[in-house]
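Following: one structure in structure tokens, then a few remarks.
The values are calculated or read from the model by the stated rules, or taken from the named source; none is laboratory data. Since this is a predicted model, take the numbers as computed values, not measurements. For neighbour counting, all protein chains shown are included, and Cβ atoms are generated from backbone atoms with ideal geometry for every residue, glycine included.
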Amino acid sequence: EREAAVADAGKPAVTVDGQTIQVLANVGSVQDAVDARGADGSGLVRTEVLFGNRKVAPTVEEQVETYRAIAAAFGGKPITIRSWDIGGDKPLPFLPQAAEANPFLGERGIRVFRRRPELLRDQLKAICQVALETPVQVMFPMVTTAEEVAWALAELADVGSSGWGVKVGIMVEVPAAALRISTLAEGLDFVSIGTNDLTQYTTAADRGNSAVASLADALDPAVLQLIDRVVRNVPTGVEVAVCGDLASDPDAAVLLAGLGIHELSAVGPQVPLIKSRLRQTTLTEATKTAVEALTLPTATAVRELLAQRA
Ligand code: PEP
Ligand code: MG
């Protein structure tokens, strides 16, 4: 089955009833991009992983070269470059951070750059430069308020993105962002739901602590309800994607399609299986499954429902 799926991987994922779902790949290296056979592009380039071993920040030119190589590996399909997402579990040697009592609730993602805007600006310059050659989107992580969105857009405008056609989005991984998405996402091109952190913050369970792993389950109906709410309340014309690990599970991919998500970004090796699975599904059935899942009491019950329907 995997072989057949891999053979068809480059074709689009269209459900039996005709809905195309974009299936993209998450990447943290140029090699990941090379390995992401058949993906419709990248919905998440983790730049803090790409440059995670640098003691000195990469120059604009170095970044341009690397982002260009990733875009080329995807054959010019769109790539979504996430701005530095550091803090919590992700240190960056070239940007040391003060110790914090609660790092996951502290200076993470976009929060870090309010004090260090020059590092973000260099990155945005590189992204805008690559966007002159190939379709590129930029995405900001760990956004909580509309004021942060306005700040990020102003930084982008400052480095001169206007007219360069870079699409702009944010990650939705903080429950407050999900709850006020209608105002937060105004003026953006897209939002991408990071189910790893959204689950962690919704369930108050550390995503890396195995003792609470059963609580930090992205299939928790509370997380699904937030995803549903984002899809329903996002301003008209703003695309909604999911790039958290939930999108890498073929059963969950069907559920997400049923919730109205038409763009999934998964770990590269799962892309062919997810596409193959979506091709055997009708959106009508997926929607029914999703509606039912939203009413269930536990992640376990959702998982059982998905297994039944598979
Ligand atoms: C997420 O939080 O779901 C996500 C995709 O970002 P990361 O796993 O890199 O924190
Ligand atoms: Mg995250």
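When GLN63, GLN19 are screened for being closer than 13 Å to GLN123 by Cβ and more than 16 Å from ligand 1 (Cβ to nearest atom), only GLN63 passes.
Checking each residue in the range 127-179 for being touching a residue at least 60 places away in the same chain (Cβ under 8 Å), touching a Leu at 6+ places or on another chain (Cβ under 8 Å) and among the charged types (D, E, K, R) picks out only GLU173.
Report yes if ARG279 is touching a Ser or Thr at 6+ places or on another chain (Cβ under 9 Å) and basic (Lys, Arg), otherwise no. Don't jump to the end; show me each part of the working.
Details: touching a Ser or Thr at 6+ places or on another chain (Cβ under 9 Å): yes; basic (Lys, Arg): yes.
Yes: the conditions hold for ARG279.
The residues of the range 104-120 that are outside any loop (DSSP other than H, G, I, E, B) and over 16 Å from THR144 (Cβ atoms), listed by number, are PRO117, GLU118, LEU119, LEU120.
Determine, yes or no, whether PRO103 is within 16 Å of ligand 2 (Cβ to nearest atom) and over 19 Å from MET139 (Cα atoms). Give the steps one after another, and end with the answer.
Working: within 16 Å of ligand 2 (Cβ to nearest atom): yes; over 19 Å from MET139 (Cα atoms): yes.
Judged against the criteria, PRO103 is a match.
Among the residues making up the range 200-210, a single one is buried (at least 18 other Cβ atoms within 10 Å of the Cβ), more than 10 Å from ligand 2 (Cβ to nearest atom) and in contact (Cβ under 8 Å) with a residue 24 or more places away in the chain: THR202. Residues that are surrounded by 16 or more Cβ atoms within 10 Å (Cβ to Cβ) and under 17 Å from LEU124 (Cα atoms) within the range 50-59 comprise LEU50, PHE51, ALA57, PRO58, listed in sequence order. Taking the range 77-101 as the range and being surrounded by fewer than 21 Cβ atoms within 10 Å (Cβ to Cβ) and at pLDDT below 95 as the test, the residues that pass are ASP89, LYS90, PRO91, PRO93, PHE94, LEU95, PRO96, GLN97, ALA98, ALA99, GLU100, ALA101.
Considering only residues that are among the polar types (S, T, N, Q) and either away from ligand 2 (no atom under 16 Å from the Cβ) or touching a Ser or Thr at 6+ places or on another chain (Cβ under 7 Å) (or both), look in the range 225-264 and name the one that is farthest from TYR201 (Cα to Cα). Let's see the steps before the verdict.
Let us first name the residues in the range 225-264 that are among the polar types (S, T, N, Q), namely 225, 233, 236, 248.
Right, trim to either away from ligand 2 (no atom under 16 Å from the Cβ) or touching a Ser or Thr at 6+ places or on another chain (Cβ under 7 Å) (or both) and you get 225, 233, 236.
Details: GLN225: 14, ASN233: 20, THR236: 27 Å.
Step by step, filter the range 225-264, then rank; the result is THR236.
Within the range 94-152, being of a type outside the set (Phe, Trp, Tyr), in contact with a Ser or Thr (Cβ under 6 Å, 6 or more places away or on another chain) and farther than 19 Å from THR59 by Cα holds for GLN137, MET139, ALA146.
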